1. From (1) modelled with pLDDT under 85; (2) loosely packed, with under 15 Cβ neighbours inside 10 Å; (3) under 12 Å from the mean Cα position of the chain (by Cα), pick out the condition that doesn't hold for residue 26.
2. Select from the range 66-103 the residues that are over 11 Å from the mean Cα position of the chain (by Cα) and either within 21 Å of residue 124 (Cα to Cα) or assigned to a loop (DSSP other than H, G, I, E, B) (or both) and list them in ascending order.
3. All but one of (1) modelled with pLDDT of 85 or more; (2) surrounded by fewer than 15 Cβ atoms within 10 Å (Cβ to Cβ) hold for residue 120; state the number of the condition that does not hold.
């Protein structure tokens, strides 16, 4: 493992322990029993982050399955998209679009391009992942 990967793993472990109130022993047992469990816990945490910003609702509005999105998009890109959504200066405009059931457009949404790409991939049933741009 390289140092960058170890830092990422350390970060996820700390976040997961805090988010789910797990003890390190409990997490160790889960990892020993099923290595996919850590990935699933990370997806659960990222899903909660999507609920805290408009992006979760926008995924649903565009017909993008959240589970597929989280499994098919690199976690670093999910974090970047959530941060862009959280820090967006057009949140009131986005709220109006969400209330009207209208997907955001590239004119103001910092994630519109990525969301458009995801929507196309999901419509075509592609298993490709979205890479950062």
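The values are calculated or read from the model by the stated rules, or taken from the named source; none is laboratory data. As the structure is a computational prediction, the values presented were derived from the model and not from experiment. Counting neighbours? That spans all protein chains shown, and the Cβs are built from the backbone with ideal geometry, glycine included.
1. (3)
2. Within the range 66-103, 87, 88, 89, 90, 101, 102, 103 meet the criteria.
3. Against the list (1) modelled with pLDDT of 85 or more; (2) surrounded by fewer than 15 Cβ atoms within 10 Å (Cβ to Cβ), residue 120 comes up short only on (1).
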